[in-house]
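Structure record follows, encoded as C-alpha cells.
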Amino acid sequence: ATVEPLKIMISGAPASGKGTQCELIKEKYGLVHIAAGDLLRAEIAAGSENGKRAKEHMEKGQLVPDEIVVTMVKERLSQPDSQENGWLLDGYPRSLSQATALKKYGFQPDLFILLEVPEDTLVERVVGRRLDPVTGKIYHVKYSPPETDEIAARLTKRFDDTEEKVKLRLKTHHHNVEAVLSLYEDVTVEVNGSINKEDVFAQIDVALTNLLEQRKSALGSL
Ligand code: AP5
C-alpha cells in the first residue's frame, strides 16, 4: 500500500500570502495548486460569459456567485492530476454554501491552513504586489523584488489590487470567514503569516511533514 496523496486547503485574508506559500508547498510536496482566483482570471482572459459575470463581482470585491465558482473548482479537483498527486486548494471555500457544496461532492481536506496577518500589512502587500505573466510568479516591489531587469520590465498589476478595492475585499472576507472556519476546526492549523515567507513556510512544512509521518506509521502498523 502507498500513502494517500495529501488534500490541503489554504485560507486567509486577501494578500495574506496564500499564493506565495502555495508556490513553496507545490515545489516541495508536488501537490496540484488550484486557486479559485486564478481560475476566475483565466475565464476573464478567455472572454467567456462566466468570465464577464465574474469580473463584475471581482471589481467590487464581492464573491463571485456559487453557480460559477462551485462547478469550476469541483471540475478541477476531479481531474486525474489532482487525484493522483493530491491537491492544494487556495481561496476556496469562501462561504458556508461553497464548503457545503464541496463536502457534498466528497472533497474533504486533511489539513486547513489559516494564514494570520494584521490588516495594515495586508494593504501594503496588495499595493506592492506584481505578477510575472510569463512564469505566473508572484513578486512584491519591496519584499520579493524581481531577480532581473528583464523580469521587472514585464511585471503586471492585478485590476483589483488598489487600496480602495482591497478594503472591499477585506470586508467580504470578514463577513464570511467565521462560517467557513467553523466547518474545519478539527483539521485547522493557524500559521503566523506576518513574518518573512521562508519562516511562514517553515511552520507549514512542519504541519505537512507531521501529517505524512502519521500516515506512514499508520500504514506500517496495518
Ligand atoms: P484571489 O485571487 O483569491 O485573491 P485574494 O484572496 O484576495 O488573495 P490574493 O491573491 O490577493 O492574495 P494571496 O493571499 O494569494 O497573497 P500573495 O501570496 O499574492 O481572489 C480575487 C477575487 O476573486 C475575490 O475578491 C473574489 O471576487 C473572487 N473569488 C476568488 N475566490 C472565490 C471564491 N471561492 N468564491 C467567490 N469568489 C471568489 O501575496 C500578496 C503580496 O504579498 C505579494 O506581493 C507577495 O510577494 C507578498 N508577500 C507574500 N508573503 C509575504 C511575506 N511573508 N512577507 C512579505 N511579503 C509577502
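The values are calculated or read from the model by the stated rules, or taken from the named source; none is laboratory data. It should be emphasised that the depicted structure is a prediction, and the values quoted were computed from it without experimental measurement. For neighbour counting, all protein chains shown are included, and Cβ atoms are generated from backbone atoms with ideal geometry for every residue, glycine included. In case anyone asks, the SASA skips ligands and DNA or RNA and just uses the protein heavy atoms, side chains included. Shrake-Rupley method; radii C 1.70, N 1.55, O 1.52, S 1.80 Å.
In region 81-97, the residues that are closer than 21 Å to Ser16 by Cα reach residues that are of a type in the set (Val, Ile, Thr) and buried (at least 18 other Cβ atoms within 10 Å of the Cβ) with C-beta atoms within less than 6 angstrom, at least six apart or across chains, in these pairs: Trp87/Val32; Trp87/Ile34; Leu88/Ile8; Leu88/Ile25; Leu89/Ile34; Asp90/Ile10; Tyr92/Val73; Pro93/Val180. Could you tell me whether Ser82 is modelled with pLDDT of 95 or more, of a type in the set (Gly, Ala, Ser) and open to solvent by 20 Å² or more (accessible area, probe 1.4 Å)? Spelling it out, it is not the case that Ser82 is modelled with pLDDT of 95 or more, of a type in the set (Gly, Ala, Ser) and open to solvent by 20 Å² or more (accessible area, probe 1.4 Å). Inclusion of Lys142 among residues that are of a type in the set (D, E, K, R) and more than 22 Å from Asn192 (Cβ to Cβ) is not warranted. Of the residues examined, Pro146 is not one that is surrounded by fewer than 16 Cβ atoms within 10 Å (Cβ to Cβ) and within 12 Å of the ligand (Cβ to nearest atom). Tell me yes or no: at least one residue of region 153-164 is out of contact with any Cys (no Cβ under 7 Å at 6 or more places or on another chain), in contact (Cβ under 8 Å) with a residue 40 or more places away in the chain and open to solvent by 60 Å² or more (accessible area, probe 1.4 Å). Checking region 153-164: at least one residue is out of contact with any Cys (no Cβ under 7 Å at 6 or more places or on another chain), in contact (Cβ under 8 Å) with a residue 40 or more places away in the chain and open to solvent by 60 Å² or more (accessible area, probe 1.4 Å).
Which residues, taken from region 183-222, are in a loop (DSSP other than H, G, I, E, B) and open to solvent by 50 Å² or more (accessible area, probe 1.4 Å)? Of everything in region 183-222, those that are in a loop (DSSP other than H, G, I, E, B) and open to solvent by 50 Å² or more (accessible area, probe 1.4 Å) turn out to be Ser194, Ile195, Asn196, Ser221, Leu222. Quick one: Val134 ticks every box in (1) within 16 Å of the chain's Cα centre (by Cα); (2) at pLDDT 95 or above except a single one, so which number is it? Going through the list (1) within 16 Å of the chain's Cα centre (by Cα); (2) at pLDDT 95 or above, Val134 breaks only (1).
If you go through region 21-50 and keep only what is under 11 Å from Leu88 (Cα atoms) and more than 12 Å from the ligand (Cβ to nearest atom), you end up with Lys26, Tyr29, Gly30, Leu31, Val32. What do you reckon, is Asp132 in contact with a strand residue (DSSP E or B) (Cβ under 9 Å, 6 or more places away or on another chain) and under 18 Å from Trp87 (Cβ atoms)? Answer is no for this residue. Beta carbons closer than 7 Å, at least 6 apart along the sequence or on distinct chains, pair a first residue in region 130-150 that is on the phi < 0 side of the Ramachandran plot with a second that is among the polar types (S, T, N, Q) and loosely packed, with under 14 Cβ neighbours inside 10 Å for Arg130/Thr156; Leu131/Thr156; Pro133/Thr156.
Taking region 96-117 as the range and being more than 11 Å from the ligand (Cβ to nearest atom) and either polar (S, T, N, Q) or open to solvent by 50 Å² or more (accessible area, probe 1.4 Å) (or both) as the test, the residues that pass are Leu96, Thr100, Lys103, Lys104, Tyr105, Gly106, Gln108, Glu116. Taken over region 1-20, the criterion of being within 16 Å of the ligand (Cβ to nearest atom) and either under 18 Å from Gly220 (Cα atoms) or not charged (D, E, K, R) (or both) is satisfied by Ile8, Met9, Ile10, Ser11, Gly12, Ala13, Pro14, Ala15, Ser16, Gly17, Gly19, Thr20. Restricted to region 118-130, and to residues there that are within 11 Å of the ligand (Cβ to nearest atom) and open to solvent by 40 Å² or more (accessible area, probe 1.4 Å), the residue that is farthest from Gly193 (Cα to Cα) is Arg130.
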